[in-house]
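Reading through the structure tokens given below for one structure.
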Amino acid sequence: MDKLSAFEWFFLIQSRFLLHILLEDGLSFFIGSDKLTDVEEQEVMSLAISSHLTNPLSLDLFVDYTKSNNEKINIEISSSDHYSFMSKHLPVNELYEDEFQSIQRMLKHSGVKLKSLGDDKPTYPIIDLLNSHFGFNVSQYDYPITINPYYPDHVILEEFKKILVVIRGKLGFNDINKSLSKKDLLNWASYKLLPYMDLKILELAENIKITNAVICSVLYQKGEYGEDTLRKSVEPIRKRILEETVFDGADNVTNLSITDALSYLAYEDVRKMEK
């Protein structure tokens, strides 16, 4: 596992995250409700778990299923073909049309009347203008700013540092989020995070309890780690993956989730692949 790229890690983690959703909430997230009987849904869930555990390093997870009326359905749990969204989750990026349209919609519904050209009234940053009319802070995890690329690098970078302080002050954000590095992925490989997550999926699927002692005997046969490491280091990573909310998953998210941080690393691999 220490040879896995960030791109591979992303989809291997995502498939396990989605399997948890499948086991806890059923298939409605993937195919909508009332598409299968309860018996058919259980069969599909069993097929998905079996397929995953048979090939746990596959980046894609699909289930081909034939219903009792002979209707065939293909259920996509996870697919590495869908990675274009990663370009929208970068720490620095251009403003895309959907984000521009989002700001336009907010302006329209706020009743804000923009300053006319030639008007001597002061102008304001768009987010400040929206905040003043909505009566609450408008949260954007992508904050619109402008850059003149014809200035020298050192001037742009120095000014960016200054405006970043101002923007974070407006948002009331003072914490420094910790991102991921390739070293973290090597630690995950050393911890055998993926097979650990698979054992937890098996627990959920079979409604059983596997003790930490048994897990350690299976994962760390050479005694690399013990129950203390499992409890204090490995399980917290798994819980963060399953429980943290990504930036576009809810309003007012300011903590950098493992998924968002991993998406950024994965997109670096996408850039290399597309060269």
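Of the GluC sites (Glu not before Pro) found in segment 56-98, those in coil by DSSP whose Cβ has at most 13 other Cβ atoms within 10 Å are 71, 94. Per-peptide packing, taken as the mean over residues of other Cβ atoms within 10 Å, places 187-199, 159-171 in the sequence 187-199, 159-171 from highest down. In this simple spin-label approximation, residue 50 and residue 34 carry label points 7 Å from Cα along the Cα→Cβ vector, and these lie 3.0 nm apart. Between the helical axis of 153-171 and the longest alpha-carbon principal axis of the chain there is an angle of about 80 degrees.
Modelled spin labels at residue 58 and residue 99, positioned 7 Å past Cα toward Cβ, are 3.6 nm from each other. All other residues whose Cβ lies under 11 angstrom from that of residue 166 are scored, Lys and Arg at +1 and Asp and Glu at -1, for a net of +2.
Put simply, the chain fits an ellipsoid with semi-axes of 42, 25, 17 Å; these come from the alpha carbon gyration tensor as the roots of five times its eigenvalues, largest first. With no solvent and one equal point scatterer placed on each C-alpha of segment 173-215, evaluate the Debye formula and give log10 I(q)/I(0) for q = 0.33 Å⁻¹, two decimals. Debye intensities relative to I(0), on a log10 scale: -1.10. The relative contact order of segment 1-92, computed from alpha carbon pairs under 8 Å that lie at least 6 residues apart in sequence, is 28 percent.
Since every read-out is calculated from the coordinates, none of them should be taken as a lab result. As the structure is a prediction and not an experimental result, all values here were calculated from the model. Counting neighbours? That spans all protein chains shown, and the Cβs are built from the backbone with ideal geometry, glycine included.
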